[in-house]
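Everything on this sheet refers to the single structure shown next.
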Amino acid sequence: MAYQAEYIWIDGTEPTPLLRSKTKILADGKEPPVWGFDGSSTNQATGESSDCELQPKFVCPDPIRGRDNILVMCDVHLAQDDKPHPTNTRAPLERVAKKYAKQEMIFGIEQEYTMLRPDGSPLGFPVGGGFPAPQGPYYCGVGTGRVIGREVIEEHTQACIDAGLMIEGTNAEVMPGQWEFQIGAADALTVSDHLYVARWLLHRIAEDYDIVISFAAKPQKGDWNGAGAHTNFSTKAMREDTDMKAIEAACKAIGKQIDKHIKGYGHDIESRLTGAHETAPFNKFSYGVSNRAASIRIPWQVSRAGRGYAEDRRPNANCDPYTVTRLLLETVCGAA
Ligand code: ADP
Ligand code: MN
Ligand code: MN
Ligand code: MN
């Protein structure tokens, strides 16, 4: 029987690209082919030369449509010559990941997000304005008045599992209406492809509840936590050497490239990395054991064992994981 393939790609919206998708019906047994779309409607081409190409990169079962239907994560190429489109950040990551493949770098990304009403107010904030009680009881909370939107995360988590994504866990966050899920640990391309499909599923499932998913870095000004995408990383040496040297070398190398990383870690990062709300200031670099006010945290178990991984706490919820993992590969593996 014919089946449906949902082709997903990243558009050219600035400053933060959006996910787009459309459906192709395929005959029984036919693999998803290269496809195309109108780039003039996604800020990726002009009207006179509007065709862009979709190249399938990662395919998984479609947990929403079920049956034999699939999701197809694509990257965008120019129709004229097949070259990667300027908005295509996956192609440069592919090159860099190949270059440093021997160091076996892997990543685990903690994706935070905020649920909003269609009018833009955070779920859990009073309808018509005003504020809920201050932060405190919401993180990993249970019970009405402490958590909201759980039906969405329950459905999303099961959907990710059914799609075969490397989802690791979920938790309610510090601000009401804010949640997190983690993807990993895997190589840069896998973790990023899976994260994009997981984001698409989250938007899609939230449609059915009339809830808006925001990846904004600081959706609520004031004394409310922003939303990040802590990126945990390790090379083979960081995981295997027991004297902390590889981990410290990685942190030091990253500390020499503050601007390069901050520029690639998502729009409006200055509003989120203020030094308050479990962040370090965006323009000052620090690393430390167990320190959630540092740019990079080394978990205490890692420090005790002398080996393991480190957590770059700076990437925004709205970051592009292809770019974040590429920068960490270049900096960490390039210095090793
Ligand atoms: P926390 O909220 O305490 O910062 P989480 O439990 O949310 O931590 O996330 C921990 C992350 O660390 C997960 O994404 C996991 O994949 C990642 N991780 C664990 N071990 C490694 C490793 N050796 N290399 C890279 N990432 C790792
Ligand atoms: Mn976490
Ligand atoms: Mn978190
Ligand atoms: Mn974290």
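Taken together, Ala91, Ala79 contain a single residue that is at pLDDT below 95, farther than 27 Å from Ile205 by Cα and of a type in the set (Gly, Ala, Ser), which is Ala79.
Applying the criterion of being part of a loop (DSSP other than H, G, I, E, B) and of a type in the set (Asp, Glu) to the residues of region 104-120, the residue that is farthest from Pro219 (Cα to Cα) is Glu104. If you go through region 295-336 and pick out every residue that is in a helix (DSSP H, G or I) and of a type in the set (S, T, N, Q), you end up with 5.
Against the conditions (1) in contact with an Asp or Glu (Cβ under 8 Å, 6 or more places away or on another chain); (2) among the small types (Gly, Ala, Ser); (3) not in a loop (DSSP other than H, G, I, E, B), Ala237 satisfies every one except (1).
Of all residues in region 24-48, those being surrounded by fewer than 12 Cβ atoms within 10 Å (Cβ to Cβ) and hydroxyl-bearing (Ser, Thr, Tyr) number 1.
Rundown of residues vs (1) of a type in the set (S, T, N, Q); (2) within 16 Å of ligand 1 (Cβ to nearest atom); (3) part of a helix (DSSP H, G or I), yes/no style:
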| residue | (1), (2), (3) |
| --- | --- |
| Asn43 | yes, no, no |
| Arg65 | no, no, no |
| Asp68 | no, no, no |
| Cys74 | no, no, no |
| Pro86 | no, no, no |
| Lys102 | no, no, yes |
| Pro132 | no, no, no |
| Pro137 | no, no, no |
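Counting only residues that are out of contact with any Gly (no Cβ under 7 Å at 6 or more places or on another chain), within 20 Å of Asp11 (Cβ to Cβ) and not hydroxyl-bearing (Ser, Thr, Tyr), region 60-99 holds 20 of them.
Scanning region 159-180 for residues that are part of a strand (DSSP E or B), of a type outside the set (S, T, N, Q) and within 13 Å of ligand 4 (Cβ to nearest atom) yields Glu168, Gly169, Glu180.
Within region 73-87, the residues that satisfy the criterion of being crowded, with 23+ Cβ neighbours inside 10 Å and in contact with an Asp or Glu (Cβ under 8 Å, 6 or more places away or on another chain) are Met73, Val76.
Just one of (1) more than 9 Å from ligand 1 (Cβ to nearest atom); (2) out of contact with any Phe, Trp or Tyr (no Cβ under 7 Å at 6 or more places or on another chain); (3) part of a strand (DSSP E or B) fails for Ile183. It is (1).
Quick check: anything in region 227-245 without any contact (Cβ under 8 Å) to a residue 40 or more places away in the chain, more than 16 Å from ligand 3 (Cβ to nearest atom) and over 19 Å from the mean Cα position of the chain (by Cα)? Yes, there is a match, as at least one residue in region 227-245 is without any contact (Cβ under 8 Å) to a residue 40 or more places away in the chain, more than 16 Å from ligand 3 (Cβ to nearest atom) and over 19 Å from the mean Cα position of the chain (by Cα). The condition of being within 21 Å of Pro321 (Cα to Cα), away from ligand 2 (no atom under 16 Å from the Cβ) and surrounded by 20 or more Cβ atoms within 10 Å (Cβ to Cβ) holds for only one of Ala186, Ala250, Ala246, Ala227, that being Ala250. The residues of region 203-234 that are in a loop (DSSP other than H, G, I, E, B), out of contact with any Lys or Arg (no Cβ under 6 Å at 6 or more places or on another chain) and either among the basic types (Lys, Arg) or within 12 Å of ligand 1 (Cβ to nearest atom) (or both), listed by number, are Lys221, Ala229. Of all residues in region 116-136, those satisfying the criterion of being surrounded by fewer than 16 Cβ atoms within 10 Å (Cβ to Cβ) and more than 24 Å from the chain's Cα centre (by Cα) are Asp119, Pro126, Val127, Gly128, Gly129, Gly130, Phe131, Ala133, Pro134, Gly136.
The values are calculated or read from the model by the stated rules, or taken from the named source; none is laboratory data. Just so you know, these numbers come straight off a predicted model, no measurement behind them. Cβ coordinates were reconstructed from backbone atoms using ideal geometry, including for glycine residues, and neighbour counts include every protein chain displayed.
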